[in-house]
Every structure is written in structure tokens, then in C-alpha cells.
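Colleague: So that we are looking at the same thing, I have put the structure below in C-alpha cells.
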Amino acid sequence: MAATNEAKSKSNSVVDDLLQFLNASPTAFHAVDEAKKRLRSVGYEQVSEREDWKLEAGKKYFFTRNHSTIVAFAIGKKYVAGNGFHIVGAHTDSPCLKLKPVSKVTKGGYLEVGVQTYGGGLWHTWFDRDLTVAGRVIIKEQKNGSVSYIHRLVRVEDPIMRIPTLAIHLDRGADGFKVNTQSHLLPVLATSIKGELNKVVTKNDAQDDGETTESKSSPNNSNHHSLLLQLLADHLGCQPDDICDFELQACDMQPSLVGGAQKEFIFSGRLDNLCMSFCSLKALIDSTSSQTSLEHETGVRMVALFDHEEVGSNSAQGAGSPAMLNALSRITNSFSSDSSLIEKAIQRSFLVSADMAHALHPNYMDKHEENHQPKLHGGLVIKSNANQRYATNAITSFIFRELAVNHNIPVQDFVVRNDMACGSTIGPILASGVGIRTVDVGAPQLSMHSIREMCATDDVNHSYEHFKAYYEEFSNLDQKITVDM
């Protein structure tokens, strides 16, 4: 009984930790910032891609790229150049609405915010939600007569926007409503008359209604509502004119939480893919937390959380960039000047591509192939596709499945129906770009790409335990497998 209670307490602890991570991470920038805090708190040292690296066996490091991608790694005490890397890869971004470079829209007596769709979101779920903005801002600073520019994260803690639906009385066909992403998705920030009465909105904001006024010194005043700029400035402790540029997105105000009649679900935005990002990060941290964790490790344990997966990964900080190969090369070269060792290291390495999976939906059971119906609480899903939309093969799936068997962790399989299109992940991108053995997996969830998704609490624990076992035991397991001999 005591052991059962202890296991339950540990399970609840992982779920609570995930909720804290989700609630701290409204954007990819914030997710990376939260990951940095957690890594630093347990002794990981930050290195810069702009500088030379002086790495030591038995030490732990991380670096960020664009502050939206983060790579952390722990070097085994028995590591030598040419040994393999044991990697879990996930992504920090999720479908959302991002503010346009010129976001100021004034029409019908309303101040609206121009947004563009990012990724393949279920956009109808964004209507009638309490929204705010979060992201990063570039701020101008003046000290001792010199000017510098800094990157700051911001999150307005109040619900400041909403995308209202049209009343059914004005659209009798609303049950079949199809969202026009250009004209229907503009969030309402305020009414023009209220802003004018309170003397918060400047005359510049009324220019679109025919008024003229002299231009302010900052170009942002013509690109964005001054009301929005003032809100940002208040949260950042600066003046609106100090804001040079920003990358902001609309965010749902409702926090992530545990729900369901038996408290078995997690209701949250951005589970795809912050759930896998969290589970892999926590597994790495916990598998390297004790003084003896890396004592017998011959490889490098790594987590790589990339930006821009939802739009194809083709960016300087996406999985399609050289970021992964650069990291593997720089670590290897830090211990040897023999450049050929990186090729040996890649062939000894293994990547777990972790991205959320589609659980069987009880109201749409025909959308799943009958022999491949992942269930909530059923553990991580191994994804396979003969056309290489997933990078899994018999060897890589066996390795990952064997870890589950050794620890009595449930595991499931998924293959998309032959008459349906198959999504993809960073797995095939990294497998083909780097040449690394890869298995594609993910925790099952419902409502993928909705503003509000759901998964099972049990699967959070299954994922964490599976990734932790992978970090701790892959080196020994891999020595027992023979393929290209």
C-alpha cells in the first residue's frame, strides 16, 4: 500500500510540474526561457554558438538559438570522441495567431488587431475566447550617451482581446460556419469611442477614420494601436517609443489544469508539443541529477527542442537547419581534432522524435485503422509509415519497445489509414539530414491543434518514465544489437 501511494505521489508530481511548465510557456520564447531556468537550477551551464566551446566529460551544458530553440546535453564521464549521442527531439511551437507587422485595424468604431495564422490550427476554436498577447519585444536602451538594443519577453496578464462570433440570428447557416481567416479572425481590442473618452488612444489611431495628425517619432505608432503599445510598455517598464519591434501572438487566458470526473485528463493549450518537450526535458534533467548519473555513461545524453515544426522546420532555428549537426560536430570536435569521428558518432547515435499522437476519438472511430487505435492511458505511441512520413523502422521501434518491456511501461502503435493523408514530424527531417537512426513516438491526445487540447495524466507519466529509461539504458542496450555487420 505504501509503495502504491508513493508511486501515485510521484505521478501527481510529474503532472503538477507539467502544468507549471505549460502555464509558464504561452509562446515558444517563454518555453525556452522556462527550460533555461530549469536547466540552470540543476547545474547546466550555458554556452554560446558565437564562442568557442571548452567542454569536459561529466559536465552538463545547453545553448539556445533565436531564444525559441534550445539544445541541452550531458556528457558521460567515459565519453570519448566518436561515441554516440542519445537524443530526444521535440518542438516548442504550436499553431496560433501571430500579430502582423502592421497590426492596426480600425473599422466600424472598433480597434482591431491584424493577425496572421501560424500552422494548421482549428481556427473556429479561437472564437469567443478570452485572449491576451505574449512574445518578445526589442527595446531601445540609452546608457551613458550610448544606445543599445535588448530582447525582452512580455506577457500581458489580462484578457485584452476577443474574437466574437456572429450571432446566429444574423447567419442562419452558422451551424456550417466556415472561417475566413483573413476577415473573420481579427481580435477586438477596444472601441474607438471609449479609448477617445479616456484619452488613451492618440489621434494617430483615428487616422484610418479620416483624421490627420502629425507623425510621432516612433514608426510603431502608425503600425500598431498606441493603446496596445502602451500596454506592452507598462508591462516592460519602458516608454512606448522605446519599443523598436516585436514578435507577438494571441494567447488563451485559461490556464492548463487537470479535469474530468476522475481527474484523469489534462485540459490545456499547446499540448502539441509542449507536453513532449516537458517530458523529454524532465527526463534528461532527472537522469543526470545525481553525482553518479554520468559515472558509467559512454555517450552524450541530449534533448533538442526546435521551433517552427508546425510550418515545416525550414528556418535557422528549425529542425531543417544545421543546428543539430552543428551541435554534434562541435561536441565531438571539442574532444578530438579528427574530423572523421563525427561520422562514426552519428552511426552510433539514436534519435527519439517525440511529437503528440492522435488518440482514438469515440465519436469518429472510422478515422482510425482498426488495428491501430491508440487509447488514452495506453502509453507512448510508436508511429510508422511506409512512405517515410515517420522515420520509424523495425530496429528503431524494437529498441524503444524493449525499453518499455524492461520497465513494464505500456506502448502502442499507430499507422494512418491508407485512404487518408499522413502528417509528419521532425523525425524524417533529422533522419535524412543528419543520417541518424530515428523512431517517431508521441503521447496520445484529442483535439490536436485546437486552442484547447486534452490528454491523459497517465500518459504524461508513461512518457517521462520511458524517456528517462532511454537516457539511462540506451548505451547498454545498443551494444547488444547487430545490423550492418
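Colleague: Which one is most open to solvent (accessible area, probe 1.4 Å), of the residues in the stretch 399-413 that are among the aliphatic types (A, V, I, L, M) and in contact with a helix residue (DSSP H, G or I) (Cβ under 9 Å, 6 or more places away or on another chain)?
Modeller: Restricting to residues being among the aliphatic types (A, V, I, L, M) and in contact with a helix residue (DSSP H, G or I) (Cβ under 9 Å, 6 or more places away or on another chain), the top hit is Val411.
Colleague: What number of residues in the stretch 417-449 are touching an Asp or Glu at 6+ places or on another chain (Cβ under 7 Å) and not in a strand (DSSP E or B)?
Modeller: 8
Colleague: Tally up the residues in the stretch 358-414 that are in a helix (DSSP H, G or I) and charged (D, E, K, R), please.
Modeller: 4
Colleague: Follow-up. For the subset of the stretch 1-31 comprising residues that are outside any helix (DSSP H, G or I) and modelled with pLDDT of 95 or more, which member is most open to solvent (accessible area, probe 1.4 Å)?
Modeller: My answer is Ala24.
Colleague: For the stretch 93-114, which residues satisfy the criterion of being more than 23 Å from Val311 (Cβ to Cβ) and either open to solvent by 20 Å² or more (accessible area, probe 1.4 Å) or basic (Lys, Arg) (or both)?
Modeller: Selection gives Lys104, Val105, Lys107, Gly108, Gly109, Tyr110, Glu112.
Colleague: Being in a loop (DSSP other than H, G, I, E, B) and either buried (at least 22 other Cβ atoms within 10 Å of the Cβ) or touching a residue at least 60 places away in the same chain (Cβ under 8 Å) (or both) is the filter here, so list the residues in the stretch 235-261 that pass it.
Modeller: Across the stretch 235-261, the qualifying residues are Cys238, Met253, Gln254, Pro255, Ser256.
Colleague: When you go through (1) in contact (Cβ under 8 Å) with a residue 40 or more places away in the chain; (2) open to solvent by 60 Å² or more (accessible area, probe 1.4 Å); (3) under 17 Å from the mean Cα position of the chain (by Cα); (4) farther than 23 Å from Lys36 by Cβ one by one for Asn314, which number turns out not to apply?
Modeller: So the condition that Asn314 fails would be (1).
Colleague: Would it be correct to say that Thr392 is over 19 Å from Pro444 (Cβ atoms) and crowded, with 16+ Cβ neighbours inside 10 Å?
Modeller: No: the conditions fail for Thr392.
Colleague: With respect to Asp419, is the statement that it is surrounded by fewer than 18 Cβ atoms within 10 Å (Cβ to Cβ) and of a type in the set (D, E, K, R) true?
Modeller: When the stated conditions are applied, Asp419 passes them.
Colleague: Return yes or no: is Gly176 loosely packed, with under 15 Cβ neighbours inside 10 Å and at pLDDT below 55?
Modeller: Taking the combined requirement at face value, the residue does not satisfy it.
Colleague: Here is a further query. Would it be correct to say that Arg452 is of a type in the set (Lys, Arg) and either more than 21 Å from Val405 (Cβ to Cβ) or touching a His at 6+ places or on another chain (Cβ under 7 Å) (or both)?
Modeller: Yes; evaluated as a whole, the condition is true for this residue.
Colleague: Looking at Glu56, Glu45, Glu34, which one is more than 30 Å from Leu341 (Cα to Cα), modelled with pLDDT of 95 or more and either open to solvent by 20 Å² or more (accessible area, probe 1.4 Å) or in contact with a His (Cβ under 9 Å, 6 or more places away or on another chain) (or both)?
Modeller: Of Glu56, Glu45, Glu34, the one residue that is more than 30 Å from Leu341 (Cα to Cα), modelled with pLDDT of 95 or more and either open to solvent by 20 Å² or more (accessible area, probe 1.4 Å) or in contact with a His (Cβ under 9 Å, 6 or more places away or on another chain) (or both) is Glu34.
Colleague: Let me ask another. If I go through the stretch 274-295 residue by residue, how many of them are part of a helix (DSSP H, G or I), of a type in the set (Gly, Ala, Ser) and open to solvent by 10 Å² or more (accessible area, probe 1.4 Å)?
Modeller: Summing the residues that are part of a helix (DSSP H, G or I), of a type in the set (Gly, Ala, Ser) and open to solvent by 10 Å² or more (accessible area, probe 1.4 Å) in the stretch 274-295 gives 0.
Colleague: All but one of (1) more than 27 Å from the chain's Cα centre (by Cα); (2) open to solvent by less than 40 Å² (accessible area, probe 1.4 Å); (3) of a type in the set (D, E, K, R) hold for Glu309; state the number of the condition that does not hold.
Modeller: (1)
Colleague: Another question, then. Within the stretch 115-137, does at least one residue satisfy the condition of being open to solvent by less than 40 Å² (accessible area, probe 1.4 Å), outside any strand (DSSP E or B), touching a strand residue (DSSP E or B) at 6+ places or on another chain (Cβ under 7 Å) and under 29 Å from Cys238 (Cα atoms)?
Modeller: Scanning the stretch 115-137 turns up no residue that is open to solvent by less than 40 Å² (accessible area, probe 1.4 Å), outside any strand (DSSP E or B), touching a strand residue (DSSP E or B) at 6+ places or on another chain (Cβ under 7 Å) and under 29 Å from Cys238 (Cα atoms).
Colleague: Hey, can you tell me all the residues within the stretch 267-306 that are more than 13 Å from the chain's Cα centre (by Cα) and of a type in the set (Val, Ile, Thr)?
Modeller: Residues satisfying the conditions are Ile285, Thr288, Thr292, Thr298, Val300.
The values are calculated or read from the model by the stated rules, or taken from the named source; none is laboratory data. Because the structure is a prediction, the values reported are computed rather than measured. Don't worry about glycine lacking a Cβ; one is built from the backbone with ideal geometry, like all the others, and counts go over all protein chains shown. In case anyone asks, the SASA skips ligands and DNA or RNA and just uses the protein heavy atoms, side chains included. Shrake-Rupley method; radii C 1.70, N 1.55, O 1.52, S 1.80 Å.
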